[in-house]
Each structure stands twice: as structure tokens, then as C-alpha cells.
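Structure record follows, encoded as C-alpha cells.
Every number in this text was worked out from the coordinates using simple rules, so none of it is lab data. Computed from a predicted structure; not experimentally measured. Here the Cβ positions follow ideal geometry from the backbone for every residue, glycine too, while neighbour counts run over all protein chains shown.
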Amino acid sequence: MLERRGPGVNLVSTISYPEERKPYPPGYRGMHRLTVRPDGRPRCVACYMCATACPAQCIYIEAGEYEDQAIEKYPVRFEIDELRCIVCGFCVEACPKDAIRMDTGTHAPSVLSRPLAVFDKEALMKGPPVEHPSDVLTYRVPLRTVAPPDEDRGTGE
């Protein structure tokens, strides 16, 4: 990187891109991702809150219902048009289940045609599983409580 400094010189730096890359600032969010539960299902419950909060209207959701789970809905189709997205983060703030995040730190890739910038559910569900405090209420799994030790109970002496 070539930096020019001195009296009468503006603070312009030249980077030999793509050999050198300037790092993103610490507050950069990055592209969207849908988080998954530990069992591999999407955390999204298709409540449409992210699509409602989006000022660019770049999120499209179609809901379906599970028949055997306490989770009532899931996204059959979840798409985000990255060309329309203004990276405001309102969708992340609106989600009650922490299902959508913008923590990838990557920029949207360049595409040759507009349909390639629409990311579907499978493309967005990359990343590690995430647990949420409401998982205990969502799944029909008995709560495991730790029993206190039997110190106070006598052994019959």
C-alpha cells in the first residue's frame, strides 16, 4: 500500500487490488444468513416479521406447517434479493427467534444476471447451528432438571 503524506498532500492511499485488500470496518454486518437448529431445521418460524420490517421489501417468505412438531410453521420458501437490500439490519432486529443474522462479514458477490442475486433458503442456511432460549418451549422434549444430592436424607440410621 502506498500512502502519501506531507504538507500539501491529501491523505490518499493506493491499494494494489486484488493482491491487497482493505479490511472491512469492525461494524460491517455482511450478507444475510439463516440460522439452523441443532437438528438441521431452519430456526425461522415464518412469522413474516422480517419481511414486514424490511423497507426495501427484498424478503419473500412462503410458510408451511409441520405435522408432527410443536413448531407450527416453517419457511417452505425464503428468498432475499441482495440487489434490493439496503443492509439496514431491520430484519435482524425484528426477528423474535434469532433466525436471520447479518454476521457473515462477507460482501454480496458480483453476478452477471439479476436472478443470480436472489438467494434462496438453502444458500442462506450456511453456518453453524445456533441455540436459542425459546428452544425449550418450542420442542416437546421433557426438561431435564438436576436433582439435589441426597445428603439430607438419611440412610435409615
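Some notes on this structure:
- Under 21 Å from the Cα of LYS97 - lysines, other chains or at least 8 residues apart: LYS73, LYS121, LYS126
- Net charge over other residues, Cβ less than 12 angstrom from the Cβ of ARG101 (K, R count +1; D, E count -1): +2
- Placed amide H near GLY30: partners under 5 Å, 5+ positions off or other chain: GLY105
- Ordering LEU124, THR104, GLY64 by Cα displacement along the dipole of the range 24-131 toward the positive end leaves THR104 in first place; charges were set at the Cβ atoms of Lys, Arg (+1) and Asp, Glu (-1).
- Alpha-carbon Debye profile of the range 24-131, log10 I(q)/I(0) at 0.17 Å⁻¹: -0.78
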